[in-house]
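The values are calculated or read from the model by the stated rules, or taken from the named source; none is laboratory data. Everything quoted here is computed from the prediction, not taken from an experiment. Every residue, glycine as well, gets a Cβ built from its backbone with ideal geometry; the counts of neighbours run over all protein chains shown. Quick note on the areas: whole protein, heavy atoms, side chains included, nothing else; ligands and nucleic acids left out. Shrake-Rupley method; radii C 1.70, N 1.55, O 1.52, S 1.80 Å.
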Amino acid sequence: MPALRLKTKLVAAITGLVAAIVTALAGFYIAEVVHQRIQEAYNSAELVQQQIYAVAHGALEADLSSTRIDLRNPAQVGASIEEVLQTDYELNALLDSAVGNSPTIYDAAITDARGHALLHTNPAYFGKPIPQREDFLNVVHGGIRKQLKIIYGPAQVYDVRLPLIRDSKPFGEVRVGVSTVFLKDQVQERMRSALLLSGGAIFICMLVAAALSNLALHPLAAISRRLDLITAGHAEPTELPARRRDEYGAVSTKIERLGRQMRSVQEVFSAMKENLDQMMANLQDGVVLFTNDFRAVLVSASAERFLDKPRSAMLGCSAGEIFSEDSALGRAILQAIRAHQPIDLEDIESEQGRHIQISLDFIEEHGERIGALLTLRDAESVHRIEDEIELSRRLSAIGRLTSGVAHEVKNPINAIVLHLALLRQKLQANDPDTRRYMDVIGSEIHRLDRVVQTLVDFTRPVELRLVETDLRRLVDEVVMLASPEAEQHKVRIERQNGPDPLPARVDADLVKQALLNIVLNGVQAMPGGGSLRLACRRDGESGLITAADQGQGIPAELTDKVFNLYFTTKKGGSGIGLAMAYRVVQLHHGNVEFTSVAGQGTTFYLRFPLSESMSGGAPLRAALERPVGQA
């Protein structure tokens with residue numbers, strides 16, 4: 001059953017209250033009318049009764065000594081009195097006029113001590129016993145319920161009685177019959193007027209109550225609309241009229257203040273939610289946050305990959321509904337939850353053969369458990385990152401070593417070159433073989449100098465010239481630079497760029513050189529020709545460049561050495577190209593990976609952060625810097 005509106009309740013309450021008052025007044029009025037009409041009917045019957053009694057009493061007191069009856073014989077005396085009463089013209093006329101002049105008087109009679117009619121307005125009762133009727137005084141002195149029951153019940157006749165006394169002995173009674181039929185007609189008209197008046201009063205009251213409720217609740221409706229706008233975030237602060245100094249004005253002012261605070265809090269919350277969503281979307285680890293009853297309230301996008309379930313199917317579900325005892329991962333997590341035992345970086349192999357590193361931490365405040373945080377991490381990625389860190393450490397160590405060696409070797413080489421030039425001048429007259437040996441020594445010394453200079457250039461700190469660049473344009477330029485050598489090796493370069501721009505702040509020359517080194521390595525890995533696919537697309541918040549060749553691939557035992565400085569498997573290779581490419585990508589806060597399958601080729605993946613993703617915290621900072629309460 002729908003709840004009643006406040007306006008309906010108010011109208012119903014006022015109407016009900018007035019209806020109760022009107023009904024009570026109408027009932028009191030009707031009760032008075034009924035009592036009054038019954039009292040009037042009784043008074044009328046009593047007046048007729050007194051008149052009949054007065055005339056009959058005179059007949060009873062008549063002197064019978066002049067008659068020939070035996071006064072000592074009661075029968076003869078009674079018969080004589082009956083004859084006097086029956087022949088009294090005034091008495092008979094009075095009886096007939098009493099019934100005709102009053103609508104409530106049904107009949108009138110004089111009876112003897114036995115209840116037989118001596119005189120009656122109905123001649124059929126002469127000398128016969130009159131039926132016993134209830135005394136009308138019982139109705140007069142009865143309650144309103146009895147009076148209404150008599151009036152609206154079946155038609156009845158009541159008696160008003162007065163005893164006749166002769167010689168101090170009961171002689172008979174004067175009886176006046178009162179009919180309720182005519183009494184009902186008289187009362188019903190008054191009751192109909194009272195009911196019509198009461199109904200009209202209640203209807204008018206309902207209309208007045210509706211108008212008053214509209215007037216009283218109009219400010220509440222305005223406040224409700226204002227709160228709806230504030231809740232929806234569409235309301236702008238407005239100045240209240242100066243004349244509103246009542247309660248409505250005070251409440252509206254407080255609502256305006258509350259609305260400003262709500263807007264500020266909502267902006268901060270929206271900014272925090274937006275940044276949290278971005279963080280959760282970019283987070284590589286799977287994160288699931290549980291409440292104190294272990295229901296998931298926060299699930300990162302990466303958690304879907306680990307659990308093979310959409311986030312919508314996990315939010316709000318209990319841990320028992322998300323994880324299954326049939327899997328090693330679910331079994332480990334559920335057992336830890338039941339035992340309230342945290343998990344610290346435990347490696348578990350999933351059904352798909354993936355190695356997952358999990359950790360479960362229980363969140364407590366003041367010794368009370370308020371939730372738990374589950375972290376899922378790809379163990380292979382962790383090991384790969386550790387390998388990259390180790391490679392970076394080794395490259396850094398090699399850089400420091402080569403920088404020192406280059407510095408120490410450069411000075412002796414310069415001295416040897418200088419003294420070799422002096423020695424040539426002194427040996428100009430010698431035979432040609434000596435000069436040839438001297439040229440070989442000079443050539444090798446110059447080559448050693450170039451090697452040392454290369455070491456110096458590789459380890460020297462690089463100052464990046466960052467500019468906003470579309471990564472697709474860099475790929476196009478690399479394809480143009482690598483095309484001549486690709487044609488010589490009969491290699492076809494296939495370019496696949498995405499439709500959307502990929503803006504990134506990079507040093508275009510360094511990135512082109514790094515990508516060109518990888519592309520040329522791929523071209524040289526296919527001496528018999530083939531195709532090299534170069535693609536550029538968006539991958540989350542990063543730009544991904546892939547270079548896939550169809551060469552023989554890199555042997556598994558050499559994959560850990562690919563990015564090592566001076567490591568090469570090509571004749572005449574320097575072993576610097578891939579190391580330099582690795583260093584350039586790291587300088588741009590990116591990462592480079594590769595996959596290789598023997599006999600099918602190698603694919604390199606270069607990821608660079610897009611400049612769009614670097615400004616995600618701006619809304620949050622702006623919201624946090626705004627003072628609370630300021631719109």
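Computed values, structure above
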| read-out | value |
| --- | --- |
| Positions within segment 145-170 being of a type in the set (Lys, Arg), within 18 Å of Ala41 (Cα to Cα) and in contact (Cβ under 8 Å) with a residue 24 or more places away in the chain, in sequence order | Arg161 |
| Sole residue being without any contact (Cβ under 8 Å) to a residue 24 or more places away in the chain, small (Gly, Ala, Ser) and over 19 Å from Ala45 (Cβ atoms), chosen from Gly142, Gly199 | Gly199 |
| Residue match in segment 552-561 (condition: open to solvent by 10 Å² or more (accessible area, probe 1.4 Å), within 20 Å of Ala486 (Cβ to Cβ) and at pLDDT 90 or above) | no |
| Selection count, segment 285-308, where residues are within 19 Å of Leu345 (Cα to Cα), at pLDDT 80 or above and among the aromatic types (Phe, Trp, Tyr) | 1 |
| Answer residue from segment 512-551, given it is β-branched (Val, Ile, Thr) and touching a helix residue (DSSP H, G or I) at 6+ places or on another chain (Cβ under 8 Å) and is surrounded by the most Cβ atoms within 10 Å (Cβ to Cβ) among those | Ile545 |
| Options Ala124, Ala117, Ala108; residue that is closer than 14 Å to Val174 by Cβ, without any contact (Cβ under 8 Å) to a residue 24 or more places away in the chain and either touching a Pro at 6+ places or on another chain (Cβ under 8 Å) or outside any loop (DSSP other than H, G, I, E, B) (or both) | Ala117 |
| Tally, over segment 20-33, of residues that are buried (at least 16 other Cβ atoms within 10 Å of the Cβ) and either small (Gly, Ala, Ser) or in contact with a strand residue (DSSP E or B) (Cβ under 6 Å, 6 or more places away or on another chain) (or both) | 1 |
| Criterion: in a helix (DSSP H, G or I), open to solvent by 20 Å² or more (accessible area, probe 1.4 Å) and at pLDDT 75 or above - qualifying residue of Gln86, Gln49, Gln36, Gln76 | Gln36 |
| Pick from segment 462-500, criterion of a type in the set (Val, Ile, Thr) and surrounded by 14 or more Cβ atoms within 10 Å (Cβ to Cβ), ranking: nearest to Ser611 (Cα to Cα) | Thr469 |
| Residue match in segment 187-209 (condition: aliphatic (A, V, I, L, M), closer than 17 Å to Ala108 by Cβ, touching a helix residue (DSSP H, G or I) at 6+ places or on another chain (Cβ under 9 Å) and open to solvent by less than 70 Å² (accessible area, probe 1.4 Å)) | no |
| Any pair with Cβ under 6 angstrom, 6 or more apart, that starts in segment 487-516 at a residue that is without any contact (Cβ under 8 Å) to a residue 40 or more places away in the chain and ends at one that is of a type in the set (Val, Ile, Thr) | Lys512/Val478; Leu516/Val478 |
| Number of the condition not met by Arg225 [criteria: (1) farther than 30 Å from Ser270 by Cβ; (2) at pLDDT 70 or above] | (1) |
| Complete set of residues in segment 348-367 that are within 13 Å of Phe306 (Cβ to Cβ) and in a strand (DSSP E or B) | Ile348, Glu349, His355, Ile356, Gln357, Ile358, Ser359 |
| Near pairs, Cβ below 8 angstrom, 6+ apart or cross-chain, from segment 7-32 (of a type in the set (Lys, Arg)) to any residue that is in a helix (DSSP H, G or I) and surrounded by 18 or more Cβ atoms within 10 Å (Cβ to Cβ) | Lys7/Ser213 |
| Candidate set: segment 325-362, residues that are under 20 Å from Ser300 (Cβ atoms) and polar (S, T, N, Q); chosen: the one surrounded by the fewest Cβ atoms within 10 Å (Cβ to Cβ) | Gln352 |
| Meets criteria (more than 30 Å from Ala598 (Cβ to Cβ) and assigned to a helix (DSSP H, G or I)) for Arg472 | yes |
| Meets criteria (over 22 Å from Ala98 (Cβ atoms) and assigned to a helix (DSSP H, G or I)) for Lys184 | no |
| Subset of segment 149-181 (residues that are part of a strand (DSSP E or B) and either open to solvent by 70 Å² or more (accessible area, probe 1.4 Å) or farther than 20 Å from His120 by Cβ (or both)) | Arg161, Pro163, Ile165, Lys169, Pro170 |
